[in-house]
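J.: First the structure, then my questions, so here it is.
The values are calculated or read from the model by the stated rules, or taken from the named source; none is laboratory data. What you see is a predicted model, and the numbers here were worked out from it, not measured in a lab. Quick reminder, even Gly has a Cβ in these numbers, built from the backbone with ideal geometry, and neighbours come from all protein chains shown. Heavy atoms of the whole protein, side chains included, go into the accessibility calculation; ligands, DNA and RNA do not. Shrake-Rupley method; radii C 1.70, N 1.55, O 1.52, S 1.80 Å.
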Amino acid sequence: MKIKKFFVEDVRCLAGRQEFEIKPLTFLVGENSTGKTTALGCFQVLASLLNYSPRYTGDSTLDFNIDPYFMGSFNDIVTRKNPKCKKFKLGFAFEDGEIQEIAITIAERDRSAEPVLKCISVEFKNGALYITQGNSGNTTLEKKKPFAIAIDTDTEKTDIDKNIFHIVLHYGGFLGNLFGTLGFLFFLHFGETGEWSIETREEKSLFDFLRNKRKDFRHLDFPEPFSFAPVRSRPKRTYNPTREFEDPEGSDIPMFFMRMKISESEQWKALHERLNKFGQSSGLFERIEIKRHGRSMSDPFQIQVKVRGPWSNIIDVGYGVSQILPILVRILEHQQPGFFLLQQPEVHLHPRGQAELASLFANLTDQQKKHSFIIETHSDYMIDRARIEIQKGNISPEDVSLIYMESKGSSVKVHNIGFDGNANLIDAPKSYGEFFLKETNNLLGFVD
């Protein structure tokens, strides 16, 4: 299933419902403090909730303060435009399949400042399922249905004729993620223990509905999201091998290099060739290599770069190489389709490097690994190169989205801009590019 739209409702400066059209190559643009990073952080939280990966289990699935996004407490996230607003919402709308939309509603945890998941809603073509967080320790329900976790159906809101079902989950928290909660419901009904007994017409209709929808949930194999910080790790003259773990700043990449070269020679050869190819096309470097100081994995090593002339240590060349390297390695070596969220990947790159990076993203969305990218950027060079790739036919205009976030007083308006076959902008507001037009006119001597 492909994501058609991502939406947020009452999050910080994004008051009301704001929709983002998500394509394989999506650019987020706008002035500073218009909610671009907030949108990425919310996307990461929701995507994690819908992912099968064991990386996303337990309460961590709703953590708004995982590096590189530090969004604070509930009151730091919910919109301030309406002081009475006590909840916010995140959701995905899908392009095909029976599932039309999945959304989560988030409120403030009792006696705490942290956000907590209160409702998961799944809208189908022919019905809807709402799972709401109730009260834990409901003794009445536990006596009626003796199980440690009690579930109830809200008969007032449930409409079985329209296949609209409201479930109240009486438990301290949702079970890991959406799939954990749904799996628990299936276990109660279809398991052999028989703790859940169907007693009402609504309950029978609910589980008949769930049985018919199981195949639709199997199609929600959402790509694992990966985020990159706007400032990557600082280069070092010599690296000492340490424990390798993924890091949004890319501090794990040198050790990853070393391990791959020693133990995965074929994979290293393929990655090495692609890195050098990008380095040459972008003008950043001609070659990159690992220089070992010993034969053991525990011995120190260096990263050597050949820009022009003799080899240099990575710390002695421009910051552009060390800042783009974590992004290049992660997206080039990732074998399965991935969803990459990037904050200003153009940092420290000259215009040619920025443009070539956009070409690489376009290439990876279509011809090779079918990755998807949401890119927060201030680079016109990247956007212009994406438009050139459209003109050349290297990427379809339907696969590129430009989202302009316009400041409107104390709030922000989201504009979804598309492209035609000639890479002309579709539905671009007058304010988009207005600053650059005024600067050009001033340069030419025209007066407003």
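J.: Can you list residues from other chains, or at least 5 along the same chain, whose modelled amide H is less than 5 Å from the amide H of Val168?
T.: Counting only residues 5 or more places away or on other chains, the set is Thr132, Asp152, Thr153, Asp154.
J.: Distance in nm between label sites at Gln280 and Glu114, each 7 Å beyond Cα in the beta-carbon direction?
T.: Once both label points are built, they end up 5.1 nm from each other.
J.: Further question on the same structure: Got a number for carbon plus sulfur as a percent of the stretch 275-430's accessible area, 1.4 Å probe?
T.: Looking at the stretch 275-430 in its full context, I get 45 percent from C and S.
J.: With a Förster radius of 56 Å, plug the Cβ-Cβ distance of Asp299 and Lys157 into 1/(1 + (r/R0)^6) and report the FRET value to the nearest 0.05.
T.: Numbers: r = 65 Å, r/R0 = 1.16.
Plugging the Cβ-Cβ distance into 1/(1 + (r/R0)^6) gives 0.30.
J.: Further question on the same structure: Loop-only GluC sites (Glu not before Pro) in the stretch 252-339, please: DSSP not H, G, I, E or B, and at most 13 other Cβ atoms within 10 Å. Each step should come with its number before you reach the end.
T.: On the way: sites: Glu264, Glu266, Glu273, Glu286, Glu289, Glu333; in loops: Glu264, Glu286.
Here the sparse-neighbourhood loop sites are Glu264.
J.: Tabulate in residue order the Karplus-calculated ³J(HN,Hα) for the stretch 386-399, using 6.51 cos²θ - 1.76 cosθ + 1.60 with θ = phi - 60°, rounded to whole Hz; enter x for Gly and Pro.
T.: Couplings: 4, 5, 5, 5, 5, 4, 7, x, 7, 8, 6, x, 6, 9 Hz.
J.: Using a 1.4 Å probe, what is the accessible area per residue for the stretch 319-444, in Å²?
T.: Per-residue value: 44 Å².
J.: What list of ³J(HN,Hα) values in whole Hz, one per residue of the stretch 73-87 in order, does the Karplus curve 6.51 cos²θ - 1.76 cosθ + 1.60 (θ = phi - 60°) give from phi, with Gly and Pro shown as x?
T.: 7, 4, 5, 7, 9, 5, 4, 9, 5, 10, x, 7, 6, 10, 7
J.: While we're looking at this one, here's another question. List the residues whose amide H sits under 5 Å from the amide H of Ile22, counting only those 5 or more places along or on another chain, with H placed 1.01 Å from N in the peptide plane.
T.: Amide H to amide H, under 5 Å and 5 or more residues apart or across chains, Ile22 pairs with Lys5, Phe6.
J.: Could you order Lys430, Lys89, Lys413, Lys81 by accessible surface area, starting with the largest, using a probe radius of 1.4 Å?
T.: Accessible-area ranking of Lys430, Lys89, Lys413, Lys81, largest first: Lys430, Lys81, Lys413, Lys89.
J.: While we're looking at this one, here's another question. Could you order the peptides 38-45, 112-119 from most to least packed, using the average number of other C-beta atoms within 10 Å per residue? All intermediate terms of the calculation are to be shown ahead of the outcome.
T.: Working: 38-45: 23.8, 112-119: 17.0.
Result, highest mean first: 38-45, 112-119.
J.: So if each residue of separation counts as 0.36 nm, and I subtract the Cα-Cα distance between Glu289 and Gln336, what length gain in nm does that give?
T.: So the extension gain works out to 14.4 nm.
J.: With a 1.4 Å probe and all protein chains in place, put Arg214, Arg259 in order of accessible area, largest first.
T.: In descending accessible area the options line up as Arg214, Arg259.
J.: Rounded to the nearest 0.05, what FRET efficiency do Ser407 and Leu437 give with R0 = 30 Å and r taken as the Cβ-Cβ distance? Could you check?
T.: Values: r = 18 Å, r/R0 = 0.59.
Calculated value: 0.95.
J.: Report, for the stretch 1-132, the % of DSSP beta bridges that are antiparallel, rounded to 5. Mind dumping the intermediate values first?
T.: Numbers: 35 of 35 bridges.
Approximately 100 percent, going by the DSSP bridge assignments.
J.: On to the next question. Quick one: length gained pulling Glu19 to Ile262 fully straight, 0.36 nm per residue minus the C-alpha distance?
T.: 82.8 nm
J.: Rounded, prolate or oblate: which one fits the stretch 266-370, using the alpha carbon gyration tensor with axes a ≥ b ≥ c (rounded when a/c is under 1.5, else prolate when a/b beats b/c, else oblate)?
T.: oblate
J.: Under a 5 Å amide H to amide H cut-off, with H placed in plane at 1.01 Å, what residues pair with Phe373 once short-range neighbours are removed?
T.: Distant-sequence amide H within range of Phe373: Leu25, Thr26, Phe340.
J.: To the nearest 10 square angstrom, what accessible area does Asp247 show with a 1.4 Å probe?
T.: Per-residue accessible area (Asp247): approximately 30 Å².
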